[in-house]
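The values are calculated or read from the model by the stated rules, or taken from the named source; none is laboratory data. Please read all numbers here as calculations on a predicted model, not as lab measurements. Every residue, glycine as well, gets a Cβ built from its backbone with ideal geometry; the counts of neighbours run over all protein chains shown. Ligands, DNA and RNA are stripped out before the accessible areas are found, and what is left, the full protein with its side chains, is counted by its heavy atoms. Shrake-Rupley method; radii C 1.70, N 1.55, O 1.52, S 1.80 Å.
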Amino acid sequence: MAQQSGMVEKHGLGLWMTHALMILGVLVIFFPIWLAFVASTVSQPEIVSPPMPIWPGDLFWENYKAALFAGVNVPVATMLFNSLVMAIGIAVGKIIISLLSAFAIVYFRFPLRNTFFWMIFLTLMLPVEVRIVPTFEVIAGFGMLNTYQGLILPLIASATATFLFRQFFLTIPDELAEAARVDGARPMRFFVDIVIPMSRTNIAALFVILFIYGWNQYLWPLLITTDPSMNTIVMGIKQMFPSGDDVAEWPVIMATSILAMIPPVIVVVSMQKLFVRGLVDSEK
Amino acid sequence: MEKRVIFRGWALPLLLIAPQVIISGIFFFYPAGQAIWQSLFIPDPFGLSAQFVGLGNFEFLLSDRFYRASFITTAVFSILVTLCSMIPALFLAVLADRLIKGSGMYRTLLIWPYAVAPAVAGVLWLFMFNTRVGVVSWYLGQLGYDWNHVLNGGEAMGLVVVASAWGRISYNFLFFFAALQSVPRSVIEAAAIDGARFWKRFFSIVLPLITPTAFFLLVVNVVYAFFETFGVIHTITAGGPQQSTTILVYKVFSDGFVGQDLGSSSAQSVILLFVVGLLTVIQFKYVEKRVHY
């Protein structure tokens, strides 16, 4: 198809106008991030006597070192580590249990199959925010407050991934399973040798989405990590604000905010194609 | 749709499905059941026993001035977040769609805010509008406008809406852009040959073709505003001033954990459960069939 058809796409002045508006839009959307970055490179006095500068200062290393290794309640490096464990735990955990249960639902007929299917389907409907009080009691009852299991397990109890894999498994040609069965391959052989390799792209796309979902959790870690050394970075930022009238340590807080967004931004930008695909798939 | 080829045996599949069923049971069905059960009781102040009140908690909630106010707050908040995130996203997507080159680069840049957690977005916007150090509030002050979202409920609402909508612009942009790209060029060119100008083409051809996507985004954004904006509100306003930004999910938290009113909090959870159920049904019934990628 003629790329330069000239009928629909803009040329000359119109093209420049479109670019200019687009750049303006990007700048407006980036402004909060830019300001946070600038604030993370200047000194506290420069911030508390407004207006703050709009170009970066020279305290980049000092502020980031202070945040990473001293922090306010707990070093930010610790919170980063906790977030990483939580995000990867949620992504990997959910992918594993969903692959297994989707395989069982698609390739077997067994008692209560439909009951289980509907049970899993129901979990689609209820975000953790809605059942926080009783879920908190369950976790407290298991002694899982301030643990990684407590952070991870309640958030992998949902069915989105199971559905996605179920839909995908249904598109795998029956001939493959037939051939495996004729060859006398055991179901798990078929699962490991055929189904998982074929699902690679889906697994990767889902990993991107779930990693960000896990990393960006706020309410749940806020409730169950009472010990600062178990705080995740996204919920820990709010804890860095002083109660009462003390002035917040803005450079350190803004450095922490920047650190909190770097891992998910890297994941999204570097795996953009997979991310967009995962987004479209998981919302369908 | 069912598979024709299946494996025999039922012990293995039960074993395979067990992890998900057990985790859902312990961390989903049991707590959800508890929420429903507790919503029928009023615990005594020491938490030692509970008195059965039937639907009393619900009756109380529905006649409670603050709870009804929270419903309205939630409705206003969701509508504003949806509009403030969809309109700029559509505008940017239309611009990007007109470019032959460079749209990929803009897309990469515009994806960024999606990765920023709502709670972190809250901190960024709080910083810009902070009454003491905020750049934007300082410049507003220079222009003679005294910004104070800590005292002014309308300003507080505006701030949480913008902070919540900001990250969603990326998300909506991706879907609108994909939808616009899938509108057949031939149709648009045919209209152009017939002399239809850009806006005429946009409203009479493009917009109807992307309506399914817009409708889908509408539902998804309302769900987002209802349930995933807790972080924004907790970091910026903590529901204040005078509960002017206390949305329903925030109220479940503040009544249940801060106020320790378990019966009421559980009843609120159950009401939210119905809201989610309703939105899910709408999504499946009306959206599922109409959205094509």
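Figures for the structure shown
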| item | result |
| --- | --- |
| At R0 = 25 Å, FRET efficiency that the Cβ-Cβ distance of A:T147 and A:F121 yields, to 0.05 | 0.30 |
| Solvent accessible area, Å² - A:R189, 1.4 Å probe, full protein context | 130 Å² |
| Cα gyration tensor category, rounded, prolate or oblate, for segment A:100-223 with a/c compared to 1.5 | prolate |
| Estimated vicinal HN-Hα couplings, Hz - segment B:161-168 in sequence order (Karplus 6.51, -1.76, 1.60; Gly, Pro = x) | 5, 5, 5, 6, 6, 3, x, 6 |
| Value in Å of the Kirkwood radius, where segment B:69-119 supplies the Cα pairs that are averaged | 13.0 Å |
| Farthest positive-ward along chain A dipole, Cα basis, beta-carbon charges - from A:V106, A:V72, A:F37 | A:V106 |
| Pair A:V247, A:W16: separation of 7 Å Cα→Cβ label points (nm) | 4.6 nm |
| Coarse-grained scattering of segment A:170-231 at q = 0.17, 0.22, 0.29 Å⁻¹, given as base-10 log I(q)/I(0) from a Debye sum over alpha-carbon atoms | -0.69, -0.89, -1.14 |
| Within segment A:21-159: Cβ-based charge dipole about Cα centre, in debye rounded to nearest 20 (Lys, Arg +1; Asp, Glu -1) | 700 debye |
| Backbone HN-Hα couplings from phi across segment B:131-141 [Karplus 6.51/-1.76/1.60, Hz, Gly and Pro as x] | 5, 9, 10, x, 5, 5, 5, 5, 5, 4, x |
| Electrostatic dipole magnitude of the protein assembly as shown [Cβ: Lys, Arg +1; Asp, Glu -1; Cα centre; debye, to 20] | 1840 debye |
| Relative contact order for chain A, counting Cα pairs under 8 Å that sit 6 or more residues apart, in percent | 30 percent |
| Segment A:197-278, relative contact order in percent, only Cα pairs under 8 angstrom and at least six apart counted | 45 percent |
| Positive-pole candidate from B:G158, B:I79, B:F66, dipole of chain B, charges at beta carbon | B:I79 |
| Residues with amide H under 5 Å from that of A:G71, placed H, sequence gap 5 or more | A:V76 |
| From phi via Karplus (6.51, -1.76, 1.60), per-residue ³J(HN,Hα) for segment B:221-236 in Hz, x at Gly/Pro | 6, 5, 4, 4, 5, 5, 10, 10, 9, 3, x, 4, 5, 5, 6, 8 |
| Efficiency of FRET between A:V85 and A:T171 - r from beta-carbon atoms, R0 35 angstrom, step 0.05 | 0.55 |
| Cα gyration tensor shape of segment B:64-290, rounded if a/c is under 1.5, else prolate or oblate by comparing a/b with b/c | oblate |
| Packing rank of A:254-267, A:60-73, where each peptide gets the mean count of other beta carbons within 10 Å, highest leading | A:254-267, A:60-73 |
| Rounded FRET efficiency, nearest 0.05, which uses the C-beta distance separating B:K200 from B:F274 and R0 of 60 Å | 0.85 |
| Highest to lowest packing among B:193-201, B:77-85, A:213-221, scored as the average C-beta count within 10 Å | A:213-221, B:77-85, B:193-201 |
| Proportion of all alpha-carbon pairs of the protein assembly as shown beyond 42 Å (%) | 26 percent |
| Prolate/oblate/rounded call for segment B:1-91, Cα gyration tensor, a/c under 1.5 rounded | oblate |
| Farthest toward positive dipole pole in the protein assembly as shown [+1 Lys/Arg, -1 Asp/Glu at C-beta], among A:V267, A:N146, B:G104 | B:G104 |
| Dmax and Rg, reported as Rg then Dmax, of chain A (C-alpha, Å) | 24.2, 77 |
| Only Lys, Arg (+1) and Asp, Glu (-1) charged, at Cβ; chain B dipole about Cα centre in debye | 1180 debye |
| 5 angstrom amide H check on B:F41, placed H, neighbours 5+ away | B:V53 |
| Normalised contact order of segment B:64-290, rounded percent, pairs of Cα under 8 Å and 6 or more residues apart | 29 percent |
